[in-house]
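**Q** Please see the structure below; I have some questions.
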Amino acid sequence: MSYDHYEQEYHLTPTGWKSGTSYSYGNAEQEVKLPLDRVLTVVREVRQSSGWSPEDISWYEKWRSSEVSPGETNGLIKQFGNRPPEPDRSKLSESLNNFFSKK
């Protein structure tokens with residue numbers, strides 16, 4: 001079993017990428033309703049074998065609409081990218097530091 005295992009869903013819609021449900025060890029941490037207009041769902045998976053090892057980050061496609069033409073889907077991918085931008089880790093570090101400095 002890995003030290004840490006986290007997954008975050010992202011949904012491509014006509015207005016761009018939307019965050020979806022997040023999972024820790026396969027259990028939903030924060031459930032988000034699926035956007036009705038989604039055309040593609042990808043998952044960012046993060047694994048870490050120990051607290052001192054680097055994170056192993058991978059992406060995979062979870063779902064693709066059969067009701068939207070490949071041309072339309074590819075147009076949205078061209079417009080918004082094949083996946084959302086990586087999270088800004090500096091903001092995460094800053095918020096964690098603020099949280100712990102208040103205690």
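All of the numbers you see were taken from the coordinates with simple rules; none came from a lab. Computed from a prediction, not measured in an experiment: that's the story for all the values here. Glycine also receives a Cβ, built like all others from the backbone with ideal geometry; neighbour counts cover every protein chain displayed.
**Q** Taking the condition of being small (Gly, Ala, Ser) and either in contact with a Lys or Arg (Cβ under 9 Å, 6 or more places away or on another chain) or outside any strand (DSSP E or B) (or both), how many residues in the range 1-22 meet it?
**A** 2
**Q** I'd like to verify a number: residues in the range 23-59 that are closer than 17 Å to residue 87 by Cβ and either of a type in the set (Lys, Arg) or in contact with a Lys or Arg (Cβ under 9 Å, 6 or more places away or on another chain) (or both), how many?
**A** Looking only at that region, the number is 10.
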